[in-house]
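The values are calculated or read from the model by the stated rules, or taken from the named source; none is laboratory data. Model, not experiment: these values are computed from the prediction. When we count neighbours, we look across all protein chains shown, and the Cβ atoms used for this are built from the backbone with ideal geometry, even at glycine. For the accessible areas, the whole protein counts, side chains as well, though only heavy atoms, and no ligand, DNA or RNA atoms are used. Shrake-Rupley method; radii C 1.70, N 1.55, O 1.52, S 1.80 Å.
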Amino acid sequence: MRMSGRSLPASMLLTIRDRRMRKANAAAHKATAATGTLVASYNVHKCIGVDRKFDPERTSRVIREIDPDVIALQEADNRFGDRDGLLDLPRLERETGLVPVPISATGKGHGWHGNVLLFKKGVVRDVHQIRLPGLEPRGAVVAEIELNGSETLRIIAAHLGLLRHSRSQQARVVLDLMSSPDEKPTLLLGDLNEWRLGNRSALNTLHATFGPQPPAVPTFPSNLPLLALDRIMTNRHGMIAAVEAHDTPLSRVASDHLPLTAFVRL
């Protein structure tokens with residue numbers, strides 16, 4: 001198997017070599033770019049850590065560490081049965097001010113196909129639940145939120161599939177939500193499950209509207225991040241800055257993904 005002209009092991013070695021440099025520069029970059037709205041995407045892996053322990057409280061502590069203004073969670077519900085929600089959302093609201101974007105869903109789940117979108121201050125103007133095609137049950141939450149009295153921001157919180165063909169179909173559905181690249185500011189947050197580059201990547205489909213993005217940041221696996229599966233993308237050049245993984249002792253064990261964060265300038 002090859003990726004970007006190098007063998008996968010060679011690419012992994014480069015990632016490991018560069019990880020210390022990225023972490024050493026992260027604080028300086030954050031200090032210069034840390035203005036605006038802090039957004040995050042976090043695949044919580046059904047609150048099961050790399051130690052195989054089910055610990056929703058630990059997941060909530062990671063979210064409190066991040067202290068985001070907006071966060072998209074993936075795998076926050078049980079996958080089968082009633083899709084019960086796994087987090088104590090009322091307690092999370094008391095401790096962080098984060099409230100879930102309301103959706104009309106059956107059962108006891110937090111969100112739509114495990115996708116939960118939470119925000120601190122703002123007014124929800126519109127919400128849609130989108131079923132994504134593919135063999136696995138996948139979905140997206142699309143919300144238009146007026147954050148802090150500023151311009152209305154469209155946020156797409158999505159979790160794409162594990163199969164390449166499904167991801168390509170799902171990326172096209174995401175683009176169908178947007179009639180043109182110059183419409184209202186839009187953020188795409190989520191686990192896109194895509195580490196490939198080149199013609200085989202589903203990201204190529206998204207580039208048509210979202211355009212060039214900041215360099216990809218590895219978030220998986222959490223204890224030694226090698227693959228950039230999680231993404232924060234926008235259709236506005238220069239709207240996002242300081243994209244980085246939230247890499248702490250707690251986040252390395254709480255899920256198999258690290259959270260991804262960025263600052264958004266509206």
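Observations
- Residues being in a loop (DSSP other than H, G, I, E, B), surrounded by fewer than 18 Cβ atoms within 10 Å (Cβ to Cβ) and not aliphatic (A, V, I, L, M) - total across the range 36-61: 5
- Leading residue by the ranking (modelled with the highest pLDDT) among those in the range 186-200 that are open to solvent by 10 Å² or more (accessible area, probe 1.4 Å) and over 16 Å from G139 (Cα atoms): W195
- Selection status of H128, in a strand (DSSP E or B), out of contact with any Lys or Arg (no Cβ under 6 Å at 6 or more places or on another chain) and open to solvent by 60 Å² or more (accessible area, probe 1.4 Å): yes
- Among residues of the range 219-239, those that are among the hydroxyl-bearing types (S, T, Y) and out of contact with any strand residue (DSSP E or B) (no Cβ under 7 Å at 6 or more places or on another chain), counted: 1
Condition check ((1) in contact with a Ser or Thr (Cβ under 7 Å, 6 or more places away or on another chain); (2) within 21 Å of H237 (Cα to Cα)) across all residues:
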position: L132; (1), (2): no, no
position: A140; (1), (2): no, no
position: L147; (1), (2): yes, yes
position: V174; (1), (2): no, yes
position: R196; (1), (2): no, no
position: A202; (1), (2): yes, yes
position: T209; (1), (2): no, yes
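- Unmet criterion (only one of (1) part of a loop (DSSP other than H, G, I, E, B); (2) modelled with pLDDT under 95) for M233: (1)
- Residue under evaluation L226, criteria (1) in contact with a Leu (Cβ under 8 Å, 6 or more places away or on another chain); (2) in contact (Cβ under 8 Å) with a residue 40 or more places away in the chain, criterion not met: (1)
- Unique residue being within 23 Å of I48 (Cα to Cα), open to solvent by 20 Å² or more (accessible area, probe 1.4 Å) and not aromatic (F, W, Y) when the list is R231, R265, R236: R231
- Residue check for G161: in contact with an Asp or Glu (Cβ under 7 Å, 6 or more places away or on another chain) and on the phi > 0 side of the Ramachandran plot: no
- Positions within the range 201-228 being polar (S, T, N, Q), open to solvent by less than 20 Å² (accessible area, probe 1.4 Å) and modelled with pLDDT of 90 or more, in sequence order: T219, S222
- Test result for L162, part of a strand (DSSP E or B) and either open to solvent by 40 Å² or more (accessible area, probe 1.4 Å) or under 18 Å from R265 (Cβ atoms) (or both): no
- Residue count for the range 107-121, restricted to those that are open to solvent by 40 Å² or more (accessible area, probe 1.4 Å) and either at pLDDT 90 or above or among the small types (G, A, S) (or both): 2
- Of all residues in the range 253-262, those that are buried (at least 18 other Cβ atoms within 10 Å of the Cβ) and either over 15 Å from the mean Cα position of the chain (by Cα) or farther than 16 Å from D69 by Cβ (or both) total 5.
- Residue match in the range 64-78 (condition: of a type outside the set (D, E), more than 30 Å from P185 (Cβ to Cβ), at pLDDT 90 or above and part of a loop (DSSP other than H, G, I, E, B)): no
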